[in-house]
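The values are calculated or read from the model by the stated rules, or taken from the named source; none is laboratory data. A quick note: this is a predicted structure, and the numbers were derived from the prediction, not measured. Please note: Cβ atoms are built from the backbone with ideal geometry, for glycine as well, and neighbour counts cover all protein chains shown. The area values use the complete protein model at the heavy-atom level, side chains included, leaving out ligands, DNA and RNA. Shrake-Rupley method; radii C 1.70, N 1.55, O 1.52, S 1.80 Å.
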Amino acid sequence: MSQPLGGSDQNCRASTRDQAAATPAVVAVKHMRRILVATDLTAESIALLEAADDVVVNMVPPKTSNVRAALGDATAIITRSDFKLDAPLLEHAPKLKLIARMSAGLTGIDVDYATERGILVMNIPGVSAIAAAEHTLTLMLALNRNLPDIHDSLREGWWLFDRGPQVGKQLHGKTVGIIGLGRVGQRVARLCLAFGMRVLANDPYIREEQVNDKRIQLVGQGELLGAADYVSLHVPATDETVDFFTADMLGQMKPGACFINTAHGGVIKEALLADALKDGRLGGVALDVWNEEPPFNSPLIGLDKVIHTPHIGDNTAEARQDLSIQIVKQVIDALDDRDYRNVVNMPLLPGLNYSDARPYMQLSESIGSLQHILARAPIRRIAIEIIGEDMNGLIKPMTVGILKGLLAPIHGDKVSYVNAPVLAAEHGWRITQAKGIKISEYSNVITCQITLDDNEEISIAGTLLDRQKPYILQINSYRIHFEPRGHLLIMGSYDQPGVIGRVGTLMAENGINIASWHTGRAQPGGNTLTVLNFDEALPESLMEILRGQDFIRHVHQLHI
């Protein structure tokens, strides 16, 4: 490892950091957050949103023209499940920081473009599981008893004394095949068991030991399709599930079985279902979701043995209240940097709480800020190592924190935890991540080494005290312990008598109080590195005086 931070004071004063030249550092200013609401929220949730600090609520009808006109000054937008937020529309939102979808699905949101822009995208998985599961059983029961046709016939004045045409079927004793055993699928399974049904399930991501009720049988896809009287889909909307249910799978279904989909419209082509109904292979179809919404061109609309509803699976008073309250709380917490629940493009692993990860990300971001201020040439490579059990599962979010710290002086508030990896790739930085070996008495340490275009290397190691307080342990060969917060002065000097006194006198003459002083040296009589903490930033005139001192090699200040 080469020893950086050296060289003459002339070289240090003449050097510039190319990556900081384009955009000056941005000073954060508190301002009102404007929340655009393009969906139906309950009165309680609106009141909760309006009661938040520094928030202005703007409610508009969920139409593209209305939203486009209001996006210009929006900080966040809350939308319903069928509203499209593509890249052309998002281009009208220069200040947007957050997209909140009031459903589990993200269809219609250009998540990749939002990520490039550093816009958080969040959803609400599982909140409406009860409503969706109950709607599935509603459709199943309605199919069994042919309720829509019988209801319409009586309304039109017909009373059939021959009850034969009205005969239905019972759910009891039948077999249901559930494809997708997530939150909704599991609730459907429990409801079907209560009706006395045999329950088969297929989900490649669920193991037998994860199924608490052993009456639910995990089987292969082919076995499920061949045995089920009802096939009910509950798969998520992903690239893998687009047109997931194929004509071949329809052909494997038990003759006369019913097909139910309350999950997502893209999982099967509706023309396949229409053909299977017309030739008698299916006994019925019930859909709440569609290939195109509204389904103006669906071949299933108006077909016999079809029950169709307009995507109302989660449309209950209870689900609407739960969805409204939760999405508002998520938005407020994210804007206040308290929590990032259900943000799909944040670098957090499933099950990892942001409150636990946040101190580690802040430590990493401060390391990145220090790396940037010390670099005298463009960055070429970044190597990150973690040590210790406390940091297991955190290397990805900590890497993003380092990248954000490195990039913030270049891009200002346009960089976030979301788009930092994208911007780093645009700069051509090569990034490696690994678990390292213990280098100090501390059990949990992160080390970041950047390599510059001139082959200089800068390595910084840090840890958390009490798992909360960021603490820098070492900068290259300088063992220097300090908390990276506040107004910092980073000073490289020569190890000679009188440096502390001369700097102290200079500060006193200018009315500057030194809050803390930390010095490390590579070897006696060599070079030293000092970090000072002040209550406020030093004026540029005083920085110029410091740079002119004969014991100074380089000096920089930053605020963390």
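Probing with 1.4 Å while keeping every protein chain in the model, the per residue accessible area of the chain equals 48 Å². Scoring 454-464, 414-424 by mean Cβ neighbours within 10 Å over their residues and listing the highest first yields 414-424, 454-464. Scattering from region 419-529 was approximated by placing one identical point on each alpha carbon and applying the Debye formula without solvent; log10 I(q)/I(0) at 0.09, 0.13 1/Å stands at -0.34, -0.69.
Take the Cα of residue 442, step 7 Å along the line toward its Cβ, and report every residue of region 505-540 whose backbone nitrogen sits under 18 Å from that point. Within reach of a label on residue 442: 517-521, 529-533. Over region 177-275, the fraction of Cα-Cα pairs per 10 Å bin, rounded to whole percents and listed from the shortest bin up, is 15, 53, 29, 3. Note on residue 281 and residue 353: the model spin-label points, each 7 Å out from Cα along the C-beta direction, lie 5.0 nm apart.
Just how large is the dipole of the chain about the Cα centre, in debye to the nearest 20, putting +1 at every Lys and Arg Cβ and -1 at every Asp and Glu Cβ? Intermediate results must be reported in sequence, preceding the final value.
On the way: 52 positive and 64 negative charges, 117 e Å.
Roughly 560 debye for the chain.
Which order, highest average first, do 255-268, 317-330 follow once you tally other Cβ atoms within 10 Å for each residue and take the mean per peptide?
Numbers: 255-268: 22.0, 317-330: 19.2.
The most tightly packed comes first, giving 255-268, 317-330.
Legend: calculated FRET efficiency, residue 433 to residue 549, from the Cβ-Cβ distance at R0 = 35 Å, rounded to 0.05, equals 0.30.
Distance check, please: which entries in 169/269; 214/305; 174/305; 169/278; 84/435; 84/414 exceed 30 angstrom between their Cα atoms?
From 169/269; 214/305; 174/305; 169/278; 84/435; 84/414, over 30 Å: 214/305; 84/435.
Quick check: residue separation of residue 337 and residue 516 times 0.36 nm, minus the Cα distance between them. What number comes out in nm?
Once the chain is fully extended between residue 337 and residue 516, it gains 61.6 nm.
Considering all different alpha carbon pairs of the chain, the Kirkwood hydrodynamic radius works out to 27.6 Å. Restricting the GluC sites (Glu not before Pro) of region 79-156 to loop positions (DSSP other than H, G, I, E, B) with no more than 14 neighbouring Cβ atoms within 10 Å leaves 91, 156. Taking amide H as placed 1.01 Å from N in the peptide plane, residue 381 has its amide H under 5 Å from the amide H of 430, 451, each at least 5 places away in sequence or on another chain.
Near residue 257, the amide H atoms lying under 5 Å from its own belong to 283; only residues 5 or more places off or on other chains count, and H is placed 1.01 Å from N. Put simply, the amide H of residue 290, placed in the peptide plane, has neighbours under 5 Å in 265, leaving out anything fewer than 5 places away on its chain.
Here's the picture: a label point sits 7 Å out from the Cα of residue 66 along the beta-carbon direction, and within region 30-55 the residues with their amide nitrogen under 14 Å of it are 36-41.
By the Stokes-Einstein formula, at 0.692 mPa s and 37 °C, region 317-435 with its Kirkwood radius over alpha-carbon pairs has D equal to 211 µm²/s.
Averaging the Cα positions of each part gives two centres, and for region 191-216 and region 335-391 these lie 39 Å apart.
Solvent-accessible area assigned to carbon and sulfur over region 30-149 amounts to 51 percent, based on a 1.4 Å probe. A simple spin-label model places the labels of residue 269 and residue 453 5.3 nm from each other, with each point 7 Å out along Cα-to-Cβ. Taking label points 7 Å from Cα along the Cα-to-Cβ direction, residue 502 and residue 466 give a separation of 3.9 nm. Counting only alpha carbon atoms, the long axis of helix 129-145 and the longest principal axis of the chain meet at about 20°. If you fit an axis through the alpha-carbon atoms of helix 354-374 and take the longest principal axis of the Cα set of the chain, what angle between them do you get, 0 to 90°, nearest 10? Tilt relative to the chain: about 40 degrees. The value given for region 501-560 is a Kirkwood hydrodynamic radius of 12.6 Å, derived from the mean inverse Cα-Cα separation.
For residue 411, the accessible surface of its heavy atoms amounts to roughly 50 Å² (probe 1.4 Å, protein chains only, rounded to the nearest 10).
Over all Cα atoms in region 155-219, the spread is summed up by Rg and Dmax: 17.0, 54 Å.
Applying 1/(1 + (r/R0)^6) with r as the Cβ-Cβ distance of residue 321 and residue 170 and R0 = 30 angstrom yields a FRET efficiency of 0.30.
Taking all protein chains in place and a 1.4 Å probe, what share, in percent, of the accessible surface of region 217-321 do carbon and sulfur account for?
53
Subtracting the Cα-Cα distance of residue 91 and residue 238 from 0.36 nm times their residue separation leaves 50.5 nm of extension gain.
Restricting attention to the chain, close to 50% of DSSP beta bridges with both partner residues there are antiparallel.
The portion of the accessible surface of region 352-459 made up by carbon and sulfur, rounded to a whole percent, is 48 (1.4 Å probe; DNA, RNA and ligands excluded).
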